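Visitor: My questions all concern the structure below.
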Amino acid sequence: MKYALATIAVLVLALGLTTEAVQVEENGLSFSLEAVKRLQELTENSALAGQQSPRLRASSGSLCADPMLPQEFMPLCRQRGASASLARLAMVPMDVCEICAFAACTGC
């Protein structure tokens, strides 16, 4: 029984480390896959709230001011062209990125 629990714990830990290892690169900066997923959730919620779809043209001011935006995007928010970078990140295909078949994703 202890062996089974230890095996499950190791598998869960390995899965967590694998997810953290995938990085998405944009404009010279690197972001965790989880942070990009959170950005996509925020842009989808904004689109559902009746705003213009940030996937078409992200408003860096509104996204960067959102307290739910992961802090690792703050350096990007301070750069010129943040809107275009955030829009590109919001369009990264997660299913393809998780297997690293997308050029911006590394670390698989």
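The values are calculated or read from the model by the stated rules, or taken from the named source; none is laboratory data. If you're wondering where the values come from, they're calculated on a predicted model, not measured in any experiment. Ideal geometry is used to build each Cβ from the backbone, glycine not excepted, and the neighbour counts take in all protein chains shown. Quick note on the areas: whole protein, heavy atoms, side chains included, nothing else; ligands and nucleic acids left out. Shrake-Rupley method; radii C 1.70, N 1.55, O 1.52, S 1.80 Å.
Visitor: Filter the range 66-100 down to the residues that are touching a Cys at 6+ places or on another chain (Cβ under 9 Å) and open to solvent by 70 Å² or more (accessible area, probe 1.4 Å), then identify the one that is nearest to Val24 (Cα to Cα).
Guide: Filtering first and then ranking leaves Glu98.
Visitor: Since Ala35 meets every condition but one in (1) modelled with pLDDT under 90; (2) in contact with a Pro (Cβ under 8 Å, 6 or more places away or on another chain); (3) of a type in the set (A, V, I, L, M), which condition does it not meet?
Guide: The failed condition is (1).
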